[in-house]
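Single-structure report; data block below.
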Amino acid sequence: MEIRNILILAGKETRESLKNRWFVLYTVSFCVLAVLILSIAPGRSEIAGISGYGRTAASLINLVLLFVPLIALITGSISISGERENGTLQYLLSHPVTKAEVFVGKFFGMLVPICFSISLGFGLAGIGVALRGGSGDAPEFVLTALLSGLLAASLLSVGLVVSVFSKRASKAIGVAVFLWLFFIVLGDLGIMGSAVAMDLGIKQVFALALLNPAEVFKIASVLVLSPRFEILGPVGVYAVRTFGREGVIFILLSVMALWTIIPFAYAFITFSISRREES
């Protein structure tokens, strides 16, 4: 693979994303809601021992869980299937570029705009905290934004898996929305339901939570922001007492990295060896 070709393809994908009206609407909505959350957040009280920038980051976690997985899954799912459906993918591959370069360029070209939206939303919220005289927890605030970017990368990789196997963009979007509902809406309910139905212990529930990147992000964000791990319930208490706070954070970061690497590698290999676009 040539780095120059990857950068050119990534730049093309980034420009197309920034021009997309849906992406612009998503970015504006995320930023407006981030500022709105800041404006209605309590000014002096603390949330689970968190204050200042940390309190704002804690308030943004649910917003991130709502917006970032949805845009990452949908963007990834239509990246290849959409171009395959309208014929532009075959035209692109007729140029002196490899399928590997196209795939890697698309991934980074989509990830950069999503991370830009996250940075803009967190940046505006951070400026608002500074204007209100907030202090402390700034490193944790930045780390929460970085965790949001890692969540976007992991679910973008999952979306690419959907895209590689989909012939139509409409089908890919449907699968992406289902996965979003599964990861976000059904995540907590699924874990609780499985724990009750199968009589799972604390260890099994913690392991089950690691199978959901959104749950991993939420647990990691809370542990980064709050010294009171009890707010995560019995599972959080068990994890911290077993592995230590730093150990749990390391495990969670490693799991999120695997959620990025494994789907990316699977989609990359499948797309690279597929001959559908060459015929």
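The values are calculated or read from the model by the stated rules, or taken from the named source; none is laboratory data. Note that this is a predicted model, so its numbers are computed, not measured. So basically every Cβ, Gly included, is an ideal-geometry build from the backbone, and we count neighbours across all protein chains shown.
From Ile74, Ile50, which residue is at pLDDT 80 or above and β-branched (Val, Ile, Thr)? Break it down stepwise before answering.
On the way: Ile50 fails: at pLDDT 80 or above.
Just a single option satisfies the conditions, and that option is Ile74.
Look at Phe182 and say whether it is surrounded by 15 or more Cβ atoms within 10 Å (Cβ to Cβ) and among the aromatic types (Phe, Trp, Tyr). No. For Ser119, all conditions in the list (1) of a type in the set (S, T, N, Q); (2) buried (at least 20 other Cβ atoms within 10 Å of the Cβ); (3) within 28 Å of Glu246 (Cα to Cα) hold save one; what is the number of the exception? Only one criterion in (1) of a type in the set (S, T, N, Q); (2) buried (at least 20 other Cβ atoms within 10 Å of the Cβ); (3) within 28 Å of Glu246 (Cα to Cα) is unmet by Ser119, namely (2).
Yes or no, residue by residue, for (1) small (Gly, Ala, Ser); (2) without any contact (Cβ under 8 Å) to a residue 12 or more places away in the chain; (3) closer than 12 Å to Glu13 by Cα:
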site: Ser77; (1), (2), (3): yes, no, no
site: Gly82; (1), (2), (3): yes, no, no
site: Val97; (1), (2), (3): no, no, no
site: Ala100; (1), (2), (3): yes, no, no
site: Phe103; (1), (2), (3): no, no, yes
site: Phe107; (1), (2), (3): no, no, yes
site: Leu111; (1), (2), (3): no, no, yes
site: Gly121; (1), (2), (3): yes, no, no
